[in-house]
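The values are calculated or read from the model by the stated rules, or taken from the named source; none is laboratory data. Every value quoted in this text rests on a predicted model; they were computed, and no experiment measured them. Please note: Cβ atoms are built from the backbone with ideal geometry, for glycine as well, and neighbour counts cover all protein chains shown.
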Amino acid sequence: MEGWGIPKPDVMFQLPKEFPVPESGMVEYQYAIVPTGFTEDKWVQAVEVRPTERSVVHHIIAYVREPGSNYFKDQKPGVFFEAPPAKTDEVVDTSALPSDFLVGYAPGQPAEILPAGEAKLIKAGSDIVFEVHYTPNGKAVMDRTKAVMDRTKLGLVLAKEPPKKRVQTLSASNGTFKIPPGDPNYRVDASFEIRKPLTLASIHPHMHARGKDFEYRIVFPNGETRTILRVPHYNWHWQLWYDLAEPIDLPPGARIECTAHFDNSPNNPENPDPTKTVIWGSRAGTR
């Protein structure tokens with residue numbers, strides 16, 4: 001299986017070319033659009049995105065960009081590019097983001113293998129948008145003769161027949177927060193409203209160097225509130241995907257609420273610059 005955590009892929013995509021990660025410094029998020037070439041809808045039973053040089057990859061997200069989407073609509077496929085930087089005086093519109101990401105990778109996160117009767121949908125004519133967060137680790141990984149340049153791959157195992165249930169990975173996002181310089185415990189809230197009956201199967205808190213703690217709650221239409229996850233000491237180097245022991249059926253009108261705290265103070269050894277205001281951006285999920 002050549003290292004795959006899923007059965008041998010039926011379909012495989014990869015970044016357009018190898019990406020050279022420098023020895024030090026900060027690398028802006030790298031994006032690449034790869035057309036699927038699918039002429040008919042495909043149901044995905046298992047999926048995995050995996051770097052070829054894990055030591056310098058903080059996370060990867062592979063989004064499905066459906067035909068007609070405004071997400072990076074003017075960007076050319078088959079090349080690396082960076083997202084336009086957000087500004088501290090603007091509210092980020094997160095509505096243009098894809099509503100469903102196919103799969104993610106982070107240290108501690110396994111491949112996604114769905115039970116029989118469940119699958120993810122990639123519609124005909126869709127593209128895959130790779131988002132890769134490279135983090136230099138003090139070693140130059142640029143020597144082609146040692147095969148250490150990263151060229152992330154995506155593998156799909158297709159379902160043998162249409163599933164009984166469609167699985168989606170959806171996100172609660174907040175594009176309005178501004179973490180003041182030096183703040184040791186800044187609170188950020190986000191929520192996701194349920195519009196159709198669904199079953200919540202797993203959750204995945206995701207933050208970066210200033211992330212401190214994370215909590216998920218469900219608020220039911222009758223006002224009942226249930227805390228389903230607390231991560232009191234968030235570690236951005238080891239990000240876990242939490243499968244619920246008992247999936248939860250959620251009716252329309254219910255909300256999934258998220259509360260995170262960030263440490264932007266000098267006491268945070270991971271903080272690259274406690275003198276800066278921090279806003280939402282590509283750097284800043286639930287299924």
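Given the criteria farther than 29 Å from Trp280 by Cβ and modelled with pLDDT of 85 or more, does Ala116 qualify? Yes, satisfied. Can you find a residue that is closer than 25 Å to Ala119 by Cβ, hydroxyl-bearing (Ser, Thr, Tyr) and not assigned by TED's automatic domain parsing to the domain that holds Ser55 anywhere in the stretch 230-241? Taking every residue of the stretch 230-241 in turn, none turns out to be closer than 25 Å to Ala119 by Cβ, hydroxyl-bearing (Ser, Thr, Tyr) and not assigned by TED's automatic domain parsing to the domain that holds Ser55.
The set of residues in the stretch 200-254 that are of a type in the set (S, T, N, Q) and modelled with pLDDT of 95 or more comprises Asn222, Thr225, Thr227. Is it the case that the stretch 59-69 has a residue that's within 20 Å of Tyr105 (Cα to Cα), among the small types (Gly, Ala, Ser) and touching a Leu at 6+ places or on another chain (Cβ under 6 Å)? Among the residues of the stretch 59-69, at least one is within 20 Å of Tyr105 (Cα to Cα), among the small types (Gly, Ala, Ser) and touching a Leu at 6+ places or on another chain (Cβ under 6 Å), which makes the answer yes.
Take Ala159 and tell me if it is surrounded by 14 or more Cβ atoms within 10 Å (Cβ to Cβ), more than 21 Å from Pro16 (Cα to Cα) and either outside the structural domain of Met207 (by TED's automatic domain parsing) or modelled with pLDDT under 85 (or both). Against the criterion (surrounded by 14 or more Cβ atoms within 10 Å (Cβ to Cβ), more than 21 Å from Pro16 (Cα to Cα) and either outside the structural domain of Met207 (by TED's automatic domain parsing) or modelled with pLDDT under 85 (or both)), Ala159 qualifies.
Of the residues screened, Val188 is not one that is surrounded by 19 or more Cβ atoms within 10 Å (Cβ to Cβ), of a type in the set (Val, Ile, Thr) and closer than 25 Å to Leu114 by Cα. Could you go through the stretch 175-186 and let me know if any residue there is in contact with a helix residue (DSSP H, G or I) (Cβ under 9 Å, 6 or more places away or on another chain), assigned to a loop (DSSP other than H, G, I, E, B) and farther than 18 Å from Gln109 by Cα. Yes, that holds for at least one residue. Scanning the stretch 203-246 for residues that are loosely packed, with under 12 Cβ neighbours inside 10 Å and of a type in the set (A, V, I, L, M, F, W, C) yields Trp238, Ala245. With respect to Gln14, determine if the residue is of a type in the set (S, T, N, Q), touching a strand residue (DSSP E or B) at 6+ places or on another chain (Cβ under 9 Å) and crowded, with 20+ Cβ neighbours inside 10 Å. For Gln14, the condition - of a type in the set (S, T, N, Q), touching a strand residue (DSSP E or B) at 6+ places or on another chain (Cβ under 9 Å) and crowded, with 20+ Cβ neighbours inside 10 Å - is not met.
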